[in-house]
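**Student:** Mind having a look at this structure? Questions to follow.
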Amino acid sequence: MSGKTIPEAFKPLFTGKTFAQMATLNADGSPQVTPVWVDLDGDEILVNTAKGRVKDRNVRRNPVVTLSLQDPENAYRYISVQGRVTTIVEQGAVAHIDKLAQRYMEVEKYPYIKPGDVRQILTIVPERIHTMG
């Protein structure tokens, strides 16, 4: 599935230490927002989460999401991406959260996996992109 293209000038926000605010929809239609680490695979956005969390349950019911990333160096520069979760996979998710922990926390392994946690990667295809700055 092809989506919109993340502008080159904004890709560093997805590959640096910038947190995204990810909005999903609760069962009652109300928004739920969570700060998340993000990654890019081409123009697809990757978010790593544990199975069973609120955002996981929400995107399984309704795959529509919005992500907003604000440039930490310039508060008036941001990107907002509306998209759809197209795949949820467990394979490679532990290695992926370790990769993100190296980037965001500067540690070799993600330290907060609890016994019984099942990590998964959400792949988001952008459908609408808005930028400022």
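The numbers here are math on the coordinates, done by the rules we state, and not lab data. Everything quoted here is computed from the prediction, not taken from an experiment. Ideal geometry is used to build each Cβ from the backbone, glycine not excepted, and the neighbour counts take in all protein chains shown.
**Student:** Answer yes or no: is there a residue in the range 117-124 that is of a type outside the set (Val, Ile, Thr), outside any loop (DSSP other than H, G, I, E, B), touching a residue at least 24 places away in the same chain (Cβ under 8 Å) and under 17 Å from THR15 (Cα atoms).
**Tutor:** Here is the first cut: in the range 117-124, the residues of a type outside the set (Val, Ile, Thr) are 117, 119-120, 122.
Imposing the further condition that a residue be outside any loop (DSSP other than H, G, I, E, B) reduces the set to 119-120, 122.
Still in the list and also touching a residue at least 24 places away in the same chain (Cβ under 8 Å): 119-120, 122.
Going one step further and asking which of them are under 17 Å from THR15 (Cα atoms), we end up with 122.
Scanning the range 117-124, I find at least one residue that is of a type outside the set (Val, Ile, Thr), outside any loop (DSSP other than H, G, I, E, B), touching a residue at least 24 places away in the same chain (Cβ under 8 Å) and under 17 Å from THR15 (Cα atoms), so the answer is yes.
**Student:** How many residues does the range 4-14 contain that are loosely packed, with under 14 Cβ neighbours inside 10 Å and within 11 Å of LEU69 (Cβ to Cβ)?
**Tutor:** Residues in the range 4-14 being loosely packed, with under 14 Cβ neighbours inside 10 Å and within 11 Å of LEU69 (Cβ to Cβ): 1 in total.
**Student:** Can you go through VAL64, VAL38 and tell me which one is within 20 Å of LYS99 (Cβ to Cβ) and either surrounded by 12 or more Cβ atoms within 10 Å (Cβ to Cβ) or touching a residue at least 12 places away in the same chain (Cβ under 8 Å) (or both)?
**Tutor:** On the way: VAL64 fails: within 20 Å of LYS99 (Cβ to Cβ).
Only one candidate passes the filter, namely VAL38.
**Student:** Then there's this: Take THR24 and tell me if it is crowded, with 19+ Cβ neighbours inside 10 Å, closer than 25 Å to PRO7 by Cβ, in contact (Cβ under 8 Å) with a residue 40 or more places away in the chain and under 12 Å from the mean Cα position of the chain (by Cα).
**Tutor:** yes
**Student:** If we keep just the residues of the range 53-80 that are closer than 15 Å to PRO12 by Cβ and among the acidic types (Asp, Glu), which is farthest from the chain's Cα centre (by Cα)?
**Tutor:** Once the filter is applied, the top-ranked residue is GLU73.
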